[in-house]
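Written out below as structure tokens is the structure these notes cover.
The values are calculated or read from the model by the stated rules, or taken from the named source; none is laboratory data. The shown structure was predicted, so the numbers you read here are calculated from the model rather than taken from an experiment. Reconstructed Cβ throughout: ideal geometry from the backbone, glycine too, with neighbour counts over all protein chains shown.
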Amino acid sequence: MNPDQLQSALADLDSLGLRRTRRLLDGPQGVRVTLDGRDYLSFSSNDYLGLASHPDIAAAAIRAAGQVGVGAGAAHLLTGHHRLHHDLESELAAFVGLPSALLFSTGYMASLGVIPALLDRHGEVFEDRLNHASLVDAAVLSRARLTRYPHLDLEWLDRKLGESRARTKLIATDTVFSMDGDLAPLPELMALAEKHDAWLYLDDAHGFGVLGEKGQGALSRLPALGHRVIYLATLGKAAGVAGAFVAGNPDLVEWLVNRARTYVFTTAQPPLLAAAVSASLKLIAAEAWRRRRLAELVGQLKQGLTGLPWPLMASDTPIQPLLVGGNAEALRLADGLRARGILIPAIRPPTVPQGQARLRISLSAAHARADVDSLLAALRDLAPT
């Protein structure tokens with residue numbers, strides 16, 4: 001696309017109801033936010049545990065900034081690998097029950113580093129059709145063959161794995177699918193990885209902190225963790241800070257230190273963020289009431305939506321997608337809620353398939369039951385008569 005074509009292409013996005021715009025946030029992230037100068041009750045963030053503005057985490061970051069400054073100043077393999085980074089990697093590995101962990105700046109950068117470090121044009125990556133875009137882009141970047149299987153169709157996946165003659169095979173999946181909120185069948189996927197001598201790459205961006213008795217994430221659903229598991233979790237959602245980590249066996253992590261280009265060729269994150277994540281881990285483990293609150297709110301929402309024309313998709317996680325269908329109707333509903341002071345994003349293609357536009361309701365442990373009641377009342381007002 002050349003510069004002269006951009007205006008026409010943007011006009012096409014407008015006509016299809018697909019142009020996105022940014023809104024300006026003032027103040028902290030939370031269930032009540034100020035966007036573009038207006039106050040809203042928000043069901044729009046991935047701050048599932050309500051930790052993004054927790055005073056203990058902020059205090060840890062401030063203390064660290066006073067002790068070590070702000071910028072890391074260099075890549076990890078030069079002089080940017082601070083003791084705070086190193087200690088946090090050990091904490092994260094222990095937290096999820098794997099031997100070693102490696103910090104990355106974002107989850108997107110982690111996937112773009114890991115998959116091309118392990119596969120080349122002689123490999124094959126098998127991905128669920130609803131995987132996050134970062135996993136798809138990482139597979140393309142690796143030059144391996146990319147095979148996408150129908151959502152949760154393990155019979156199809158088993159057959160294709162058996163037919164593959166790739167030198168290296170990797171199964172990649174979201175653990176909690178970000179737009180549907182449902183869960184991948186991890187024990188069955190692990191069995192397929194063992195059967196077909198494949199890596200199992202688990203993107204737990206929306207499970208870490210939420211799933212498990214102490215918030216350990218999706219790995220708590222596996223009876224045993226073998227050497228085939230590559231585990232990714234992000235630290236800007238339930239953990240309330242920023243960044244990501246990959247965990248697995250020590251040889252895997254050592255290989256990534258040397259060959260993951262998004263690790264090798266980028267400046268390390270500010271060490272103060274490592275201190276903030278360390279404080280967050282303590283809260284995640286100790287405050288199980290946050291996960292119990294989420295479960296209660298999910299139940300309240302499901303019960304309250306009975307009888308309305310839009311179905312909730314099958315999810316027991318904080319991601320509760322309200323399936324609307326058409327782009328225009330999803331935008332109408334989101335606009336109507338916004339006029340009532342409630343913020344929920346309308347998710348449209350290409351993020352979701354055509355005809356499956358939805359409102360992605362994100363619950364947080366910081367929400368009160370009265371907040372969910374307010375949302376339900378607004379949706380009843382907006383329902384067609």
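May I ask you to list the residues in the range 218-240 that are in a loop (DSSP other than H, G, I, E, B) and farther than 18 Å from residue 179 by Cα?
Hits for the range 218-240 are 222, 223, 224, 225, 226, 227, 228, 235, 239, 240.
For residues that are of a type in the set (A, V, I, L, M, F, W, C) and either buried (at least 23 other Cβ atoms within 10 Å of the Cβ) or touching a Lys or Arg at 6+ places or on another chain (Cβ under 6 Å) (or both), tally how many sit in the range 253-278.
Residues that pass the stated criteria total 9.
Looking only at the range 160-168, decide whether some residue is crowded, with 20+ Cβ neighbours inside 10 Å and within 18 Å of residue 280 (Cβ to Cβ).
No, every residue in the range 160-168 fails to be crowded, with 20+ Cβ neighbours inside 10 Å and within 18 Å of residue 280 (Cβ to Cβ).
Scan the range 345-385 for residues that are over 16 Å from residue 334 (Cα atoms), of a type in the set (Asp, Glu) and surrounded by fewer than 16 Cβ atoms within 10 Å (Cβ to Cβ) and report the count.
Count: 1.
Condition first: in contact (Cβ under 8 Å) with a residue 40 or more places away in the chain, touching a Ser or Thr at 6+ places or on another chain (Cβ under 7 Å) and of a type outside the set (Asp, Glu). Can you find one or more residues in the range 301-319 that meet it?
yes
Hey, residue 307 hits all of (1) among the small types (Gly, Ala, Ser); (2) at pLDDT below 95; (3) in a loop (DSSP other than H, G, I, E, B); (4) within 23 Å of the chain's Cα centre (by Cα) but one; which does it fall short on?
Evaluating residue 307 over (1) among the small types (Gly, Ala, Ser); (2) at pLDDT below 95; (3) in a loop (DSSP other than H, G, I, E, B); (4) within 23 Å of the chain's Cα centre (by Cα) leaves (4) as the failure.
Return the only residue of 60, 93 being assigned by TED's automatic domain parsing to the domain that holds residue 282 and touching a strand residue (DSSP E or B) at 6+ places or on another chain (Cβ under 6 Å).
Values: 60 fails: touching a strand residue (DSSP E or B) at 6+ places or on another chain (Cβ under 6 Å).
Every option except 93 fails the conditions.
Outside the structural domain of residue 326 (by TED's automatic domain parsing) and on the phi > 0 side of the Ramachandran plot - does that describe any residue in the range 20-42?
So far as the range 20-42 goes, no, none of its residues is outside the structural domain of residue 326 (by TED's automatic domain parsing) and on the phi > 0 side of the Ramachandran plot.
Can you pull out every residue in the range 333-354 that is in contact (Cβ under 8 Å) with a residue 24 or more places away in the chain and either in a strand (DSSP E or B) or closer than 13 Å to residue 379 by Cα (or both)?
Those that are in contact (Cβ under 8 Å) with a residue 24 or more places away in the chain and either in a strand (DSSP E or B) or closer than 13 Å to residue 379 by Cα (or both): 333, 334, 336, 337, 338, 340, 341, 342, 343, 344, 347.
Within the range 158-169, does at least one residue satisfy the condition of being within 24 Å of residue 317 (Cβ to Cβ) and in the same structural domain as residue 252 (by TED's automatic domain parsing)? It would help to see each step written out before you state the result.
Pass one, the range 158-169, residues within 24 Å of residue 317 (Cβ to Cβ): none.
So far as the range 158-169 goes, no, none of its residues is within 24 Å of residue 317 (Cβ to Cβ) and in the same structural domain as residue 252 (by TED's automatic domain parsing).
Tell me which of these residue 311 doesn't satisfy, since it passes every other one: (1) touching a Leu at 6+ places or on another chain (Cβ under 6 Å); (2) surrounded by fewer than 16 Cβ atoms within 10 Å (Cβ to Cβ); (3) under 30 Å from residue 64 (Cβ atoms); (4) of a type outside the set (Ser, Thr, Tyr).
(3)
Filter the range 94-113 down to the residues that are of a type in the set (A, V, I, L, M) and touching a residue at least 24 places away in the same chain (Cβ under 8 Å), then identify the one that is surrounded by the most Cβ atoms within 10 Å (Cβ to Cβ).
Looking at the filtered set, the residue picked out is 110.
Considering only the range 136-156, how many residues are touching a strand residue (DSSP E or B) at 6+ places or on another chain (Cβ under 9 Å) and closer than 20 Å to residue 121 by Cα?
So the count comes out to 12.
All but one of (1) surrounded by 14 or more Cβ atoms within 10 Å (Cβ to Cβ); (2) part of a strand (DSSP E or B) hold for residue 39; state the number of the condition that does not hold.
(1)
In this structure, does residue 238 turn out to be in contact (Cβ under 8 Å) with a residue 60 or more places away in the chain and within 24 Å of residue 295 (Cβ to Cβ)?
Yes, satisfied.
List pairs: first residue in the range 1-24 and loosely packed, with under 11 Cβ neighbours inside 10 Å, second residue at pLDDT 90 or above and of a type outside the set (Gly, Ala, Ser) anywhere in the structure, Cβ distance under 6 angstrom, at least six positions apart or on different chains.
24/36
In the range 62-83, which residues are in a helix (DSSP H, G or I) and surrounded by fewer than 22 Cβ atoms within 10 Å (Cβ to Cβ)?
Selection gives 62, 63, 65, 66, 67, 68, 76, 77, 78, 79, 80, 83.
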